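Take a look at the structure below.
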Amino acid sequence: VPSVIPYTSAKSAIVGLTKCLARAFGTQNIRVNSIAPGWVMTVKQRKIIERDPDTYQAALAMQAIP
């Protein structure tokens, strides 16, 4: 789905940055963590669901923990 390309790229970049920073600063006893939450029900998401309930069902099907 083309609409998730920027979102997925940004999440992947955060994971990569976290790993690189952990390697760079781990020798100095500096721990690096990141948080990558899953799909969050926002006003925007609700509007999408109202327009196309099938989109919501497709998103639920992709979740590791529905």
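The values are calculated or read from the model by the stated rules, or taken from the named source; none is laboratory data. Quick caveat, the model's predicted, so the values are computed rather than measured. Here the Cβ positions follow ideal geometry from the backbone for every residue, glycine too, while neighbour counts run over all protein chains shown. Heads up: the accessible areas ignore ligands, DNA and RNA and are worked out on the full protein's heavy atoms, side chains in. Shrake-Rupley method; radii C 1.70, N 1.55, O 1.52, S 1.80 Å.
The calculated FRET efficiency for the pair Ala58 and Leu17, based on their C-beta separation and a Förster distance of 35 Å, comes to about 0.75. The stretch between Val32 and Gln45 holds 1.6 nm of extra length on full extension. This uses 0.36 nm per residue minus the Cα-Cα distance.
Surface listing: Lys44, Lys19, Lys11 arranged by accessible area from highest to lowest gives Lys44, Lys19, Lys11, probe 1.4 Å.
The listed peptides 49-59, 33-43, ordered by packing as a protection proxy, come out as 49-59, 33-43 (highest mean of other Cβ atoms within 10 Å first). Heavy atoms of the protein chains alone define the surface here; on that basis the chain has 87 Å² accessible area per residue at 1.4 Å probe size.
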